[in-house]
1. I need the full set of residues from region 192-243 which are farther than 30 Å from L42 by Cβ, small (G, A, S) and in contact with a Leu (Cβ under 6 Å, 6 or more places away or on another chain), in order please.
2. Given the conditions (1) assigned to a loop (DSSP other than H, G, I, E, B); (2) in contact (Cβ under 8 Å) with a residue 60 or more places away in the chain; (3) under 25 Å from G103 (Cα atoms), and given that P443 satisfies all but one, which numbered condition is not satisfied?
3. Has region 116-139 got at least one residue that is hydrophobic (A, V, I, L, M, F, W, C) and assigned to a strand (DSSP E or B)?
4. What's the number of the condition G247 fails, among (1) at pLDDT below 95; (2) more than 24 Å from the chain's Cα centre (by Cα)?
5. Considering only residues of region 8-53 that are within 26 Å of the chain's Cα centre (by Cα), surrounded by 15 or more Cβ atoms within 10 Å (Cβ to Cβ) and of a type in the set (G, A, S), which is farthest from V67 (Cα to Cα)?
6. Test I356 against the criterion of being among the aliphatic types (A, V, I, L, M) and touching a His at 6+ places or on another chain (Cβ under 6 Å), and give yes or no.
7. Taking the stated definitions as given, is V281 within 23 Å of the chain's Cα centre (by Cα), crowded, with 21+ Cβ neighbours inside 10 Å and either among the hydrophobic types (A, V, I, L, M, F, W, C) or assigned to a helix (DSSP H, G or I) (or both)?
8. Check region 470-483 and report whether any residue there is basic (K, R), outside the structural domain of K252 (by TED's automatic domain parsing) and either closer than 28 Å to E213 by Cα or out of contact with any Asp or Glu (no Cβ under 9 Å at 6 or more places or on another chain) (or both).
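The values are calculated or read from the model by the stated rules, or taken from the named source; none is laboratory data. The shown structure was predicted, so the numbers you read here are calculated from the model rather than taken from an experiment. Every residue, glycine as well, gets a Cβ built from its backbone with ideal geometry; the counts of neighbours run over all protein chains shown.
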Amino acid sequence: MSKEKLSQIEGAKEESNYLRGTIREELKTSDPIFNSTNVGLLKFSGTYQQDNRDVRSGGERHYQFMVRSRIPGGKVTHQQMLAELDLCDKFGNGTLRVTDRQGFQIHGVLKTNLQETIRGINACKLSTMNACGDVCRNFMCCPAPYQGSPVHAEMQKAADALAHHFRQRSGSYHEVWLQDGENSTLAYESGDEPIYLKAYLPRKFKFGIALPEDNCIDVYTHDLGLIAVVENETIIGYNILVGGGQGMTPAKKDTFPALGYRMAFIPADQLIPACEAVVKVQRDFGNREDRKYARLKYLIANWGLPKFKAKVEEYYGSVLADPHPADITEVDDHIGWHEQGDGKLFLGINIENGRIKDEGDLQLKTGFRTLLAKYPLPLRLTALQGVILCNVEPAWKEDIEAILRAHGFKLADELSLARRYSISCPALPTCGLAVTESERVMPQLMDDIEAAMAQCGLAGERITVHMTGCPNGCARPYTPDIGLVGKARGKYSIYLGGSSYGIRLCYLYKDMVLQEEIAKVLLPVLAQYREQRHNPQESFGDFCHRLGKEGLVGE
């Protein structure tokens, strides 16, 4: 591929000296923004330059940064969560967000505080490296801390091993953000990039590990998904899925969301070499001319799965076995109290849309500080933007519930299943891609949808709703029962017919629907579902898929 055809960011990566660019120099200036080249390079350090559209005045932009922590498997200590809460108060907008990829995001950081924020995250033994950019991003994994069998621990161990193997190796991150003279105590391994090389990957690359009976991380939506195959309470290997991805560009009709293809089965001891082969094929053959077509799904769409698998086998050095019959059958949000398997409990805490804040009677931030001061327990973050409190002694249960209720938390029995399984992206006012609202309107929208469900006698049903402020699909809106995708200011595309456990794409049901009309549009379909479903076990997504768009009322 000639250099003349490469997209602009490809040249910037190649010439950046392993992502150093001139970021360190620009950090010393009083300008509130970075130049366009460094803005692209900053993503590899886990931060996006944004502007707050709520406070624009006279066309002048209010620039700030989002800082994301990479947390494999969502595992955090109580000290790390408290440190992130302190950092969001000191340098951010006073809120901490649990992402739908099991990470933390701090919003509203000014350039003058950017380096200190990233240093603070590293000081608590977390990192922002590999959280964004054209690399293998956060390695997702079922967060449930079950102790009764080794399976969940083995999955978490695999996520940690993969995260370590695919981390950036260059010393640029340390030099730019952490170095403090010759005697820095925050030293980081220096070197080149044996996996990513000088230009890194053509686009972001997402990993996730799931169990057949619990697809809580939406494994089919990842560039490389892994389904653990279990025999005799031991993971014998993984089914490798390739080519998932949720984003699309409406102006480009040949862009599309996709589910991963079942490519191969790999023994557990060959997991890292097999995954490395997939990543390297994408590195060497992915589209570097047009970033809209740079994800792995487009390479597979162009080549076909057989050709792609053959190339992976070439890089791997051996033939890959066909997939094991094991596949996804269910999902669990892990909310509420659960037996941990060792005499202790864990508690899944729902955080609506992932935003941890203090606002009126809702004192989530203060609540977590109070809870963790008294019960300094490990935590895990879920892909549905919740938080799991681990290792709870049964005798503490009532007191923990009292602390949570006193700070406005809602426990599992106070939430509908629809609310528990709903997620959204941040969207306005800070995301540069957002065309309309998502997170800020989702609570009211769920009120409306819950009312419509109750009107149809469906209040107890599990109907999953994912919402995004644009078609890029960060909250995975193309696979649930109901997907809501921002199309224009205050207007959304409604997608139906997906699956609550993430094995099927939705279809477009209605386009350009006003936010306040969404529940009204859904109401007759919900009523039809109540009257015409095959049996109580047929989910809303399965029903809409069976009838198809033409079979639903309103069409």
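1. Listed by number, the list holds a single entry, A228.
2. All conditions pass for P443, except number (1).
3. yes
4. (2)
5. G40
6. No; evaluated as a whole, the condition is false for this residue.
7. Judged against the criteria, V281 is not a match.
8. Within region 470-483 (the criterion being basic (K, R), outside the structural domain of K252 (by TED's automatic domain parsing) and either closer than 28 Å to E213 by Cα or out of contact with any Asp or Glu (no Cβ under 9 Å at 6 or more places or on another chain) (or both)), the answer is yes, since at least one residue qualifies.
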